[in-house]
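Please treat every number below as a calculation from the coordinates, not as lab data. Small disclaimer: the values here were computed from a predicted structure and weren't measured. A quick note on method: Cβ atoms are made from the backbone with ideal geometry, for glycine too, and the neighbour counts reach across all protein chains shown.
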Amino acid sequence: MTYPELRDKCIELQRDCTEKQNELRRQYAAEHNPVKVGDIITDHYHTIRVENMSMYGHPVPYVRYTGIELTKQGEPKKRQPIPRNPVYQCDIRTINGESYKWKEAT
């Protein structure tokens with residue numbers, strides 16, 4: 001084995017390990033996700049109806065939600081921000097009107 005072959009193998013192993021770590025993080029975030037598509041969530045800034053979820057965060061993974069921003073009456077705002085403002089799982093205050101407290105992994 002030559003040095004370039006060794007280097008290529010090490011890079012390939014590192015890429016595989018990173019992919020497996022990311023998959024584990026996605027699984028963890030999905031298992032600890034209290035929100036479903038269509039739920040209404042509020043953080044310190046705004047209220048949204050969830051349309052999309054994605055994994056975010058390192059080393060403790062959590063979920064990032066995007067969707068339609070709502071008024072205080074629960075109606076969609078006439079002017080939606082572009083790009084949409086995300087709500088992070090660690091910032092959620094209420095889910096469908098019920099209070100929520102994020103518990104960080106220890």
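With the requirement that a residue be closer than 14 Å to Asp91 by Cβ and surrounded by 12 or more Cβ atoms within 10 Å (Cβ to Cβ), what does the stretch 39-52 give you? Of everything in the stretch 39-52, those that are closer than 14 Å to Asp91 by Cβ and surrounded by 12 or more Cβ atoms within 10 Å (Cβ to Cβ) turn out to be Ile41, Thr42, Asp43, His46, Thr47, Ile48, Val50. Looking across Arg79, Arg64, Arg49, one residue alone is under 11 Å from the mean Cα position of the chain (by Cα) and charged (D, E, K, R). It is Arg64.
Being part of a loop (DSSP other than H, G, I, E, B) and among the polar types (S, T, N, Q) is the filter; apply it to the stretch 89-106 and report the residue that is surrounded by the most Cβ atoms within 10 Å (Cβ to Cβ).
Just the residues of the stretch 89-106 that are part of a loop (DSSP other than H, G, I, E, B), to begin with: 92-93, 96-97, 100-106.
If we keep only those that are among the polar types (S, T, N, Q) too, we end up with 96, 106.
Values: Asn96: 12, Thr106: 4.
Top of the filtered list is Asn96.
In the stretch 1-14, which residues are under 25 Å from Gly57 (Cβ atoms) and either loosely packed, with under 10 Cβ neighbours inside 10 Å or hydrophobic (A, V, I, L, M, F, W, C) (or both)? Residue satisfying the conditions is Leu13 alone. Screening the stretch 26-88 for strands (runs of 3 or more DSSP E) wholly inside it with 3 or more residues that are touching a helix residue (DSSP H, G or I) at 6+ places or on another chain (Cβ under 6 Å) and free of Cβ contacts under 8 Å to residues at least 12 places away in the same chain returns no ranges. For the stretch 27-38, the criterion of a residue being buried (at least 16 other Cβ atoms within 10 Å of the Cβ) and among the hydrophobic types (A, V, I, L, M, F, W, C) is satisfied by at least one position.
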